[in-house]
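Right, one structure below, let's go through it.
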Amino acid sequence: MRYLFGFVCVCALGLVPLVGCSDTNGDGGSGGTAGTGGTAGNGGTGGADTASVVFFIREFVPGVPAEPLEGVEICETGATNCVTTNATGNATLELPVDQEVSYTLEKEGYASYLDSDIISATPGDVAVGMVTVQRLADMYALVMSPYPMEGTGSIFIDTTEPLAGATFELLDTTGKTFYRDEDLNWSLDLTATTSGSGGGFVEVSPGVFQVGIGGTAGSCELFRGWPGDVEGNIKVPVREGYLSRAILVCP
């Protein structure tokens, strides 16, 4: 699995167009390219070893056109480097380049996310979706897991286009494995992704863990996240109370 930097144009069926492309949306999906007109970063790390990353945040509701989400706080993990999205869902954050970096996305009434990446000196824009607390609570109920989370976090892995038959294996810790069905609901009964794409793990202890990517995703490339220690793996940071995300580009 090779790691992708920079711009990827995603034109998946049924998604909202954005500057001629679109991004995958879902409970944990992320990817694609963002719009323009981001707000200036506040308290950024600055300097020659950082790059300005433009975020465009939208609310995800199945079957409903995505709307920009104002007031989302985006913070570099472990730093006071934070920005807040404006009325168009945009914000610009200075992040370190050429190293593993993660950042949180939080807004009252919405699920809390932990995203990871390796930022290039000329980064592509980041378009991601967020779901309400109620939507995530409904998904947790389907997989018989407590929400709010109790001392654990969760992982969601998605692809830029729908891909059935992909498998995800949590290698160095435990957690419940789920996949998303054709109606975009989480299920414990599935053994691989469906046309709804995406899957992951709940009840995962905090830490940094390897995930094996298999099935039809064996030749996919990592678009957003951290590469694993061996070919075919990705690495995901997990934090208590957060949904960690990674995204793959598949042929």
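Among the residues of this structure, ILE118 counts as one that is open to solvent by 10 Å² or more (accessible area, probe 1.4 Å) and in contact (Cβ under 8 Å) with a residue 60 or more places away in the chain. Residues in the range 178-236 that are open to solvent by 30 Å² or more (accessible area, probe 1.4 Å) and touching a helix residue (DSSP H, G or I) at 6+ places or on another chain (Cβ under 7 Å): how many? Total meeting the criteria: 1. Given (1) more than 24 Å from ASP189 (Cβ to Cβ); (2) open to solvent by less than 20 Å² (accessible area, probe 1.4 Å), where does SER112 come up short, assuming only one miss? The one condition SER112 does not meet is (2).
Checked against (1) in contact with a strand residue (DSSP E or B) (Cβ under 6 Å, 6 or more places away or on another chain); (2) charged (D, E, K, R); (3) farther than 18 Å from THR174 by Cα, ASP229 passes all but a single condition, namely (1).
Would you call ALA91 in contact with a Lys or Arg (Cβ under 8 Å, 6 or more places away or on another chain) and either open to solvent by less than 10 Å² (accessible area, probe 1.4 Å) or not in a loop (DSSP other than H, G, I, E, B) (or both)?
So ALA91 does not fit the description; no.
Would the range 114-122 turn up any residue that is in contact with a strand residue (DSSP E or B) (Cβ under 9 Å, 6 or more places away or on another chain), under 20 Å from SER244 (Cα atoms) and either among the basic types (Lys, Arg) or assigned to a loop (DSSP other than H, G, I, E, B) (or both)?
For the range 114-122, residues in contact with a strand residue (DSSP E or B) (Cβ under 9 Å, 6 or more places away or on another chain), under 20 Å from SER244 (Cα atoms) and either among the basic types (Lys, Arg) or assigned to a loop (DSSP other than H, G, I, E, B) (or both): absent.
Applying the condition of being in contact with a Leu (Cβ under 9 Å, 6 or more places away or on another chain) and either free of Cβ contacts under 8 Å to residues at least 12 places away in the same chain or assigned to a loop (DSSP other than H, G, I, E, B) (or both) to the range 64-88 and asking which residue is nearest to ALA111 (Cα to Cα) yields VAL72.
The values are calculated or read from the model by the stated rules, or taken from the named source; none is laboratory data. It should be emphasised that the depicted structure is a prediction, and the values quoted were computed from it without experimental measurement. Reconstructed Cβ throughout: ideal geometry from the backbone, glycine too, with neighbour counts over all protein chains shown. To get the accessible areas, we keep the full protein, side chains included, count just its heavy atoms, and leave off ligands, DNA and RNA. Shrake-Rupley method; radii C 1.70, N 1.55, O 1.52, S 1.80 Å.
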